[in-house]
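The values are calculated or read from the model by the stated rules, or taken from the named source; none is laboratory data. Model, not experiment: these values are computed from the prediction. In this analysis, Cβ positions are derived from the backbone assuming ideal geometry, glycine residues included, and neighbour counts consider all displayed protein chains. To get the accessible areas, we keep the full protein, side chains included, count just its heavy atoms, and leave off ligands, DNA and RNA. Shrake-Rupley method; radii C 1.70, N 1.55, O 1.52, S 1.80 Å.
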Amino acid sequence: MKAEELKGHLDGLILAVVSREPLHGYAVIESLKACSGGELALPEGTVYPALHRLEADGLLSSKWSVVGGRRRRVYSITKRGTKELGVSRERWRVFATTIEAVLA
Amino acid sequence: MNYVDSLQVELAAAGIPTRRRARIVAEFSDHLHENPEAELGAPRDLARQFADELGTRLARGTAYRAFAALAVAAIVLVVMFFNGGRTWGGWVGYGHYPVSYYLHRWWWVPMMLVCFISAQIALASGGLALLRAWRLRRVPVMTAADAAILNRRAGVGLVCGATAMIALPLTHFVVDFSSRWNTVAITVGPALIVLLLAMVPDVVRAARLRPTREGPAGDLTADLGLEDPRATPRRIAVVLSVAIVLVMVAVGVYSDDLYDGILRGLFDGAACLVGFAVLGQYLGLQRSGVD
């Protein structure tokens with residue numbers, strides 16, 4: 001799937017994978033790949049601005065952890081983020097149902 | 001220069017603050033440690049993306065906070081003048097004294113002029129900052145021009161608000177009334193100046209971290225959501241000035257001092273037009289070369 005097709009859905013996808021467990025940037029990308037069976041192969045660097053934006057909007061929180069002597073920023077979903085994820089899921093359900101009805 | 005070094009240089013060039021930059025670099029270093037072959041994208045593009053998204057939020061947040069601080073200052077100012085005026089037997093307006101009172105002491109005139117004009121510019125600028133931030137509240141990335149205007153409005157509002165606050169202790173000092181409001185004014189005025197000026201570094205930070213997206217910034221008609229082609233910024237300024245004159249005349253009538261009301265009305269109306277002419281383009285009320 002091309003990055004262009006993910007426009008508008010990236011935030012929801014990130015919230016979805018982080019809602020399962022706190023993850024660092026690289027793990028978010030790997031989780032997106034794993035969940036989609038490798039279909040979601042977006043440019044890896046673009047996930048980080050999205051993570052920072054989601055945190056600035058109060059949908060994610062983050063803290064440092066140290067792994068193997070390296071500092072690592074780990075992201076968790078906030079209450080607002082969980083609520084927003086619910087909105088994203090509902091929006092997607094309506095969108096997918098509508099498109100399916102037309103294309104089928 | 002390796003990838004992380006290049007990224008650091010580009011982030012600095014994009015105006016990303018030092019702490020944020022260090023965090024981003026640490027995250028990308030960790031990523032590359034996990035997967036040295038990772039394709040993270042061109043450092044310049046990434047830096048621009050960070051600047052776009054963070055700059056948009058910073059400009060918007062700064063505008064909201066600046067307005068909130070100005071609103072607090074404005075409420076205190078109104079309460080002080082209202083209560084001070086009531087204590088001394090005056091009415092709300094600008095306080096107890098008619099304009100002619102200030103003319104008896106020549107040095108009061110420039111002082112009060114600066115304070116009154118600053119207060120009005122602060123009110124207008126802060127309100128306009130809020131208006132544009134609200135209009136662009138759902139925009140993920142605003143244009144560099146819009147961000148610049150937001151930051152200017154917030155900055156001008158804060159500096160002029162702080163200048164206007166000088167009026168609070170000064171007025172009460174020179175009037176020299178023995179009232180509990182004197183004490184309050186002398187303490188609250190400087191406190192508000194500190195509050196407003198303490199936010200100026202936020203505006204400077206927001207101005208440094210500006211989005212890179214090109215495009216025009218809207219003018220006053222866009223801020224107000226007016227689509228009628230007859231509603232030009234200049235016409236809006238004229239209508240507003242006339243409205244100000246009428247309101248002040250009405251206040252004068254209510255205060256049994258029509259002359260004072262007319263004088264204040266003409267002064268405020270003219271100040272509005274002069275403010276529009278001088279600051280209109282700088283604050284994004286009108287586009288350059290238009291209207």
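The Cα center of region A:73-104 and the Cα center of region A:7-41 differ in position by 13 Å. Pairing chain B with chain A buries about 2000 Å² of accessible area. This figure sums both sides and uses a 1.4 Å probe. Computed over protein heavy atoms with a 1.4 Å probe, the accessible surface of the protein assembly as shown works out to 52 Å² per residue. Once the Kirkwood radius over Cα pairs is known for region B:1-74, the Stokes-Einstein relation at 37 °C and 0.692 mPa s delivers a diffusion coefficient of 238 µm²/s. Using the Kirkwood radius over C-alpha pairs as Rh, can you work out the diffusion coefficient of chain A via Stokes-Einstein at 37 °C, viscosity 0.692 mPa s, in µm² per second? Rounded to a whole number, D works out at 226 µm²/s. Across all directions, the average flat footprint of the convex hull enclosing the Cα atoms of the protein assembly as shown is 26.2 nm². Under the convention that each Lys and Arg Cβ holds +1 and each Asp and Glu Cβ holds -1, the size of the dipole of chain A around its Cα centre is about 480 debye.
Protein heavy-atom surface of chain A, 1.4 angstrom probe: 58% of the accessible area is carbon and sulfur, with nucleic acids and ligands not counted. Shown is the FRET efficiency for residue B:1 and residue B:194, computed with R0 = 45 Å from the Cβ-Cβ distance and rounded to the nearest 0.05: 0.55. In this simple spin-label approximation, residue B:187 and residue B:255 carry label points 7 Å from Cα along the Cα→Cβ vector, and these lie 2.9 nm apart.
Among the residues of region B:37-63, which ones have their accessible area go down by 10 Å² or more when all the protein chains sit together, as opposed to their chain alone (1.4 Å probe)? Those are B:39, B:40, B:46, B:49, B:50, B:53, B:54, B:57, which lose 10 Å² or more relative to the chain on its own.
In chain B the Cα-Cα distances spread across 10 Å bins starting at 0 as 6, 23, 27, 20, 12, 7, 3, 1, 0 percent of all pairs. Rounded to the nearest percent, how much of the accessible area of chain B (1.4 Å probe, protein heavy atoms only) is carbon and sulfur? Answer for chain B: carbon and sulfur cover 65 percent of the accessible area.
Using Cα pairs closer than 8 Å and at least 6 residues apart in sequence, work out the relative contact order for chain B, in percent. RCO, chain B: 21 percent.
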